[in-house]
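Notes follow once the structure below has been shown.
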Amino acid sequence: MPEAHYPEIRALNLFAEMAEANFLALLRGAYVQNFPPQIELIGEGEPSDFLHVVLSGSIDLFSRWNDRETSLATVRPVSTFILAATIKNAPYLMSARTLEKSRIVLIPSKDVRAIFDADSNFARAIVTELAQCYRSVIKAQKDLKLRTSLERLANYLLRQQKHTGGGATFELDFEKRRLASVLSMTPENLSRAFKGLKPYGVTVDGTTIAIADRADLEHFAKPNPLIDDVTS
């Protein structure tokens, strides 16, 4: 792998505190690959041969069962997936595909496990990241089980508005069909939910969203940091 990519990988919390020799050993067998959009990178049930690091583009983590499919998460630069399967040497529980042209670093899982045993700082960083992933799963479950579809959409829009800088008008980060899947809704239910938020000042034009009165939408949505804060 070109050494030009080392600094951005090194900057990730996962690799930041590990010994330099171990970092170099970890990347010795890694390589960088460019993928076009809509390429399936891994399939659920397959062995976890590599830890993936997204350098550019975006990745859809999804699952299929009984002719149904759902999107579970979006991975953006610079970050890793799927760490738990790599550490456990277990099959992937999700599939992954590119949403756009993406550049990915592939690090052999056996090397990750070997350095995990040798470098305490790296091991501690892995435990911290896995703990964060666990907390994110709990928050997602609470969002799905405690909120109506209208409340889930309202809180998603509030999070997205904040993520894009807080402006009254902003863009969805992916197309509506995929948004419906992420929010565990059908496209038809999503369309009805957008209409249901009109009384709270939400207007939609394609993928452009306008929130006329954030306070009014917050009064309805009741955002909760124990569900909506993705940083803790």
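Among the residues of the stretch 53-67, those identified as assigned to a strand (DSSP E or B) and more than 13 Å from the chain's Cα centre (by Cα) are L55, S56, S63, R64, W65. Taken together, A90, A96 contain a single residue that is out of contact with any helix residue (DSSP H, G or I) (no Cβ under 6 Å at 6 or more places or on another chain), among the hydrophobic types (A, V, I, L, M, F, W, C) and in a loop (DSSP other than H, G, I, E, B), which is A90. For the stretch 17-39, the condition of being among the hydrophobic types (A, V, I, L, M, F, W, C), in contact with a strand residue (DSSP E or B) (Cβ under 6 Å, 6 or more places away or on another chain), in the same structural domain as D119 (by TED's automatic domain parsing) and assigned to a loop (DSSP other than H, G, I, E, B) holds for at least one residue. Annotation note: of P37, P108, P91, the sole residue that is closer than 21 Å to P2 by Cα and touching an Asp or Glu at 6+ places or on another chain (Cβ under 8 Å) is P108. For the stretch 170-189, the set of residues classified as surrounded by fewer than 18 Cβ atoms within 10 Å (Cβ to Cβ) and free of Cβ contacts under 8 Å to residues at least 12 places away in the same chain consists of R177, T186, P187, E188, listed by residue number.
Of all residues in the stretch 202-215, those satisfying the criterion of being farther than 21 Å from E175 by Cα and either assigned to a loop (DSSP other than H, G, I, E, B) or outside the structural domain of F170 (by TED's automatic domain parsing) (or both) are A212, D213.
Scanning the stretch 99-132 for residues that are free of Cβ contacts under 8 Å to residues at least 40 places away in the same chain and either within 22 Å of L41 (Cα to Cα) or among the polar types (S, T, N, Q) (or both) yields K110, R113, S120, Q132.
Against the conditions (1) touching a residue at least 60 places away in the same chain (Cβ under 8 Å); (2) in contact with a Phe, Trp or Tyr (Cβ under 9 Å, 6 or more places away or on another chain); (3) of a type outside the set (V, I, T), A96 satisfies every one except (1).
For (1) at pLDDT 95 or above; (2) among the charged types (D, E, K, R), each residue gets a yes or a no:
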residue: E8; (1), (2): no, yes
residue: E17; (1), (2): yes, yes
residue: N22; (1), (2): yes, no
residue: G29; (1), (2): no, no
residue: L41; (1), (2): yes, no
residue: E44; (1), (2): yes, yes
residue: V112; (1), (2): yes, no
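Can you tell me which residue in the stretch 51-87 is surrounded by the most Cβ atoms within 10 Å (Cβ to Cβ), limited to those that are among the charged types (D, E, K, R) and free of Cβ contacts under 8 Å to residues at least 12 places away in the same chain? Break it down stepwise before answering.
From the stretch 51-87, those among the charged types (D, E, K, R) are 60, 64, 67-69, 76; that's our starting set.
Next, from what is left, pick out any that are free of Cβ contacts under 8 Å to residues at least 12 places away in the same chain: 67-68.
Details: D67: 5, R68: 8.
Applying the filter and picking the extreme gives R68.
Scanning the stretch 109-123 turns up one or more residues that are under 21 Å from L61 (Cβ atoms), of a type outside the set (G, A, S) and either assigned to a helix (DSSP H, G or I) or not assigned by TED's automatic domain parsing to the domain that holds I59 (or both).
Against the numbered list (1) in contact (Cβ under 8 Å) with a residue 40 or more places away in the chain; (2) more than 17 Å from S71 (Cα to Cα), G167 comes up short only at (1). Scanning the stretch 100-156 for residues that are surrounded by fewer than 16 Cβ atoms within 10 Å (Cβ to Cβ), under 16 Å from the mean Cα position of the chain (by Cα) and hydroxyl-bearing (S, T, Y) yields Y134, S136.
The values are calculated or read from the model by the stated rules, or taken from the named source; none is laboratory data. Quick caveat: nothing in here was measured; it's all calculated off a predicted structure. All Cβ positions, even for glycine, are placed from backbone atoms using ideal geometry, and neighbour counts span all protein chains on display.
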